[in-house]
Amino acid sequence: MGGGALMLGYLVTQWLATTRRYAFETKRNQLELTALAKRIEILNLKVQASPEVAWNGYRKFTVARKVEECEDTYSYYLKPHNGRPLPSFKPGQYLTFEIQPPGFPKAQIRCYSLSDGALSDDHYRVTIKRFTRDDGTPGVVSSYFSDEVREGDILNVKAPSGKFYLDVDIERPVVLISGGIGITPMLAMARVLTHINDQREIYFFFGCRSGVDHMFRDEVIELQKNNPNMRLHICYSRPNESDVKGEHYNHHSRVTIDLMKGVLPSSNFEYYLCGPGPFMDSLVAGLYEWGVPKKDVKFEAFGPATVKSGAKDGAPKADTGDQPTFEIEFSRSGKKIAWEPESPSLHAFAEKHGIPIDYSCGAGSCGSCLVAIKKGNVNYDMEPGHDVDEGSCLTCICRPAGNLVIDA
Ligand SMILES: Cc1cc2nc3c(=O)[nH]c(=O)nc-3n(C[C@H](O)[C@H](O)[C@H](O)COP(=O)(O)OP(=O)(O)OC[C@H]3O[C@@H](n4cnc5c(N)ncnc54)[C@H](O)[C@@H]3O)c2cc1C
């Protein structure tokens, strides 16, 4: 081989090495740029969430759009009536509404999770499903929303709050598990993770009966297209003839712990759950039995039924009859009554004995049942979503820790 050929070979090798190095550095720069963009996005979310743009008490919002998501379920796009910017929120948080349905002497307070990502400073979105009580009668506020609330209406809304949220700074793979309307906080989480181009693995389980109550189908599929790290598992417990497996849903089953064990590569994830009582009962218990540490299982209750089920496995057990007898003094009503350990909450105990205390969500989220403690302490079955002022308690989810005097 001549010297010219050797030189050519040497130059080609050098050129290949330089090209490879260049490609490698370009890729690394791209990754660094992506990571930087994500950090900026997170900082933006934090800046928007700063207290300067948050508000105290109720603020007026106009219903800008009302969109049907599936049978008996509508999304409401809410714009601040004064047109000023909105604070961001943490995905999983909720808004608290003060609604005055006709014929009710008092305004009704209800919480609704933000179902969009924390991506816009000009509107929020909540999604509300018509609630039917166990006795078949319609829920007051959710029916009012479905039947009466129209585009252009003005509503009183408190700022986003709640402690059930996904921390975007902690880069652990997550499993989002929802049943029915419990999808709302999970959708916000999945949207934010997709928006900030977060690289973590996401498993998204959603369960409903059939295609009729499969809300956000197109929106979630679109999210998955934009997020290669998201794996979707849609479960129909009773699919209709028109529901096609593989196209509309993935599993003809409920969301169960066995399904998750079959799908997940390990149990080493952070889990977020929201759904009906029995759904939470079995899944929370199943995850603990599978060895998932309690700190990695986070759940939100939409009503008192789910609080009880969550508390069963995730929080201190109810007092037993062996406990010493406490005395509860209701100072305003002038009553002293011995605590009944089987009472599910201080509120339920007060109500049973004819002592009126405001009440709404039953889940420690809306703050309606907040009462001042004059003496003594209480225990909570679960972490309250609503802030508890020093020296007060949320009666719907607490029980006395000993003798107690409260301002009721
Ligand atoms: C933090 C939080 C977030 C929520 N997010 C959403 C959401 O995104 N979309 C949505 O549609 N709903 C959501 N809910 C439920 C919602 O606040 C109302 O409870 C629901 O709309 C029923 O209210 P209603 O006035 O129609 O029914 P009513 O029967 O008139 O009032 C409901 C009352 O029944 C109690 N209740 C008993 N069991 C349940 C149960 N299983 N579910 C609800 N309430 C029960 C509640 O404590 C409440 O006092 C959320 C609740 C909480 C606490």
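The values are calculated or read from the model by the stated rules, or taken from the named source; none is laboratory data. Treat the numbers as computed from the prediction; the structure is a model and nothing was measured. Please note: Cβ atoms are built from the backbone with ideal geometry, for glycine as well, and neighbour counts cover all protein chains shown. The protein model used for the area step is the full one, side chains on, heavy atoms only, and it has no ligands, DNA or RNA in it. Shrake-Rupley method; radii C 1.70, N 1.55, O 1.52, S 1.80 Å.
Couple of notes before you dig in:
- Here is how the number arises for the chain: DSSP H runs of 4 or more residues each give -39500 (n - 2.57), the sum is divided by the residue count, and the result at 222 nm is -9000 deg cm²/dmol.
- Residues whose amide H comes within less than 5 Å of that of Trp339, counting only those at least five positions distant or on another chain, are Phe326, Glu327, Ile328 (H built at 1.01 Å from N in the peptide plane).
- By average C-beta atoms within 10 angstrom, highest first, the peptides 84-97, 204-217: 84-97, 204-217
- Rolling a 1.4 Å probe across the protein heavy atoms gives the chain an accessible surface of 50 Å² per residue.
- The phi-based Karplus calculation (6.51 cos²θ - 1.76 cosθ + 1.60; θ = phi - 60°) puts the 3J(HN,Hα) values of the stretch 390-407 at 4, x, 10, 8, 8, 5, 6, 10, 10, 9, x, 8, x, 4, 9, 10, 10, 7 Hz, whole numbers, x for Gly and Pro.
- The share of accessible area on the stretch 68-139 that comes from carbon and sulfur is 48 percent, using a 1.4 angstrom probe.
- Cα-Cα over 27 Å, subset of Lys90/Lys261; Lys261/Lys298; Lys106/Lys158; Lys60/Lys163; Lys60/Lys294; Lys90/Lys225: Lys90/Lys261; Lys60/Lys294
- Computed Kirkwood radius, in angstrom, where 1/r is averaged over Cα pairs of the stretch 327-406: 12.3
- DSSP beta bridge pairing in the stretch 327-406, given as percent antiparallel to the nearest 5: 80
- Share antiparallel - DSSP beta bridges, the chain, percent rounded to 5: 60
- Protection proxy ranking, peptides 358-368, 177-187, 218-228, 3-13, average beta carbon neighbours within 10 Å, highest first: 177-187, 358-368, 218-228, 3-13
- Mean Kyte hydropathy of -0.5 or more with a Cα span along the axis of at least 20 Å, helices from DSSP in the chain: 3-48
- Just checking the listed ones, Ala159, Ala54, Ala301: in the Gaussian network model of the chain with Cα springs under 10 Å, the one fluctuating most is Ala54.
- Reciprocal mean inverse distance between Cα atoms of the chain - Kirkwood radius, Å: 23.7
- Taking only protein heavy atoms and a 1.4 Å probe, the accessible area of the stretch 174-314 is 48% carbon and sulfur.
- Amide H contacts of Arg209: Ser237, each under 5 Å away and 5 or more positions distant or on a separate chain (H built 1.01 Å from N in the peptide plane; Pro and chain starts excluded).
- The spacing between the stretch 130-161 and the stretch 325-354, judged by their C-alpha centroids, is 31 Å.
- Residues with amide H under 5 Å from that of Asn379, placed H, sequence gap 5 or more: Arg399, Ala401
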